[in-house]
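Below is one structure; the comments refer to it alone.
Where a number appears in this text, it was derived from the coordinates with a stated rule and is not lab data. What you see is a predicted model, and the numbers here were worked out from it, not measured in a lab. A quick note on method: Cβ atoms are made from the backbone with ideal geometry, for glycine too, and the neighbour counts reach across all protein chains shown.
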Ligand SMILES: C[S@@+](CC[C@H](N)C(=O)[O-])C[C@H]1O[C@@H](n2cnc3c(N)ncnc32)[C@H](O)[C@@H]1O
């Protein structure tokens with residue numbers, strides 16, 4: 001099932017590769033849930049779905065709690081009259097001002113489908129600032145939301161930094177991490193850069209947290225761009241390269257393609 005949100009880096013297109021590599025276990029933990037493509041396309045008995053974006057978790061919680069009632073409420077925003085720039089900007093302003101969580105969740109979904117490229121971007125004061133998307137007829141993902149609501153009976157949603165989420169893992173859990181990609185411009189070393197607010201330090205921290213969990217018998221699968229520094233960081237894991245051939249533009253100039261890596265940290269393979 002496709003996620004109901006448009007989300008940068010969503011893993012739906014490589015879901016079969018991920019499913020193949022994910023070990024079995026009781027509960028799946030996703031510290032970087034995003035649109036939750038992995039949650040929606042796996043069959044664990046239970047899930048801990050986390051992200052540090054409070055809007056995404058607020059939306060998931062409303063859908064979980066209210067199901068079809070919330071879906072119907074959201075659908076009322078998807079009308080031709082609401083698909084014009086002026087209305088979009090009014091709703092965006094309302095979203096940024098409201099203290100009503102249910103309204104904010106519904107408007108977040110509206111903006112995800114009516115905003116430019118489904119982007120999710122805030123300014124330094126936390127104000128959502130994505131421009132209008134000019135789509136002919138934005139799709140209302142009713143079927144996908146119903147599936148999510150049904151599936152979320154076995155899920156707990158958490159707004160937290162990945163480090164906090166990973167500390168909650170216990171034997172019997174499996175962890176799947178999909179952090180913001182390491183930038184492709186950093187082909188030779190990590191040096192000082194950060195993308196999507198995720199720094200080199202955090203990438204390194206994630207690598208050691210994965211090793212730490214693997215040592216306790218909790219397997220961790222991480223996906224990322226298959227660049228040399230990433231492969232060095234994951235050297236104790238069993239790495240599989242996926243030929244994604246995403247079209248990329250480096251430094252605004254040359255075009256090329258890139259592969260992704262799936263790194264599986266496990267007690268045995270890491271020699272721990
Ligand atoms: C590549 S996306 C995940 C895509 C997801 N696997 C999917 O299929 O849609 C990365 C996610 O990590 C979240 N994120 C970024 N920094 C984080 C952090 N420090 N802790 C937890 N989540 C973080 C972002 O909000 C984003 O949703």
Checklist entry - Gain in length, residue 241 to residue 127, computed as 0.36 nm per residue apart minus the alpha-carbon separation, to one decimal in nm? => result 37.3 nm
Next on the checklist: I need the semi-axes of the equivalent ellipsoid of the stretch 60-148: take the C-alpha gyration tensor, multiply each eigenvalue by 5, square-root it, list largest first in whole angstrom.
Outcome noted: 20, 16, 11
Checklist entry - Over its Cα atoms, what ratio of radius of gyration to 2.2 N^0.38 Å does the chain give? => result 1.03
Checklist entry - Where does helix 101-114 land angle-wise versus the long Cα axis of the chain, in degrees 0 to 90, nearest 10? => result 80
Checklist entry - What nm distance separates the two modelled labels at residue 72 and residue 212, each placed 7 Å from Cα along Cα→Cβ? => result 4.7
Checklist entry - How do 76-88, 220-232, 136-148 rank on mean C-beta neighbours within 10 Å, highest first? => result 220-232, 136-148, 76-88
Checklist outcome for this item: 1/(1 + (r/R0)^6) with r = Cβ-Cβ of residue 267 and residue 167, R0 = 25 Å, i.e. FRET efficiency to nearest 0.05, evaluates to 0.85
Checklist outcome for this item: Taking Cα atoms only, helix 85-97 is inclined relative to the longest principal axis of the chain by an angle, in degrees rounded to 10, of 70
Item to check | Inter-probe distance in nm under a simple model that places probes 7 Å from Cα toward Cβ, at residue 139 and residue 199 | outcome: 3.9
Checklist entry - Within the chain, what percent of beta bridges assigned by DSSP are antiparallel, to the nearest 5? => result 55
Checklist outcome for this item: With only helices counted (DSSP H, runs n ≥ 4, each -39500 (n - 2.57)), the per-residue ellipticity at 222 nm for the chain, to the nearest 500, works out to -10500 deg cm²/dmol
Checklist entry - Against the longest principal axis of the chain, how steep is helix 142-151, in degrees 0 to 90 to the nearest 10, with axes from Cα atoms? => result 50
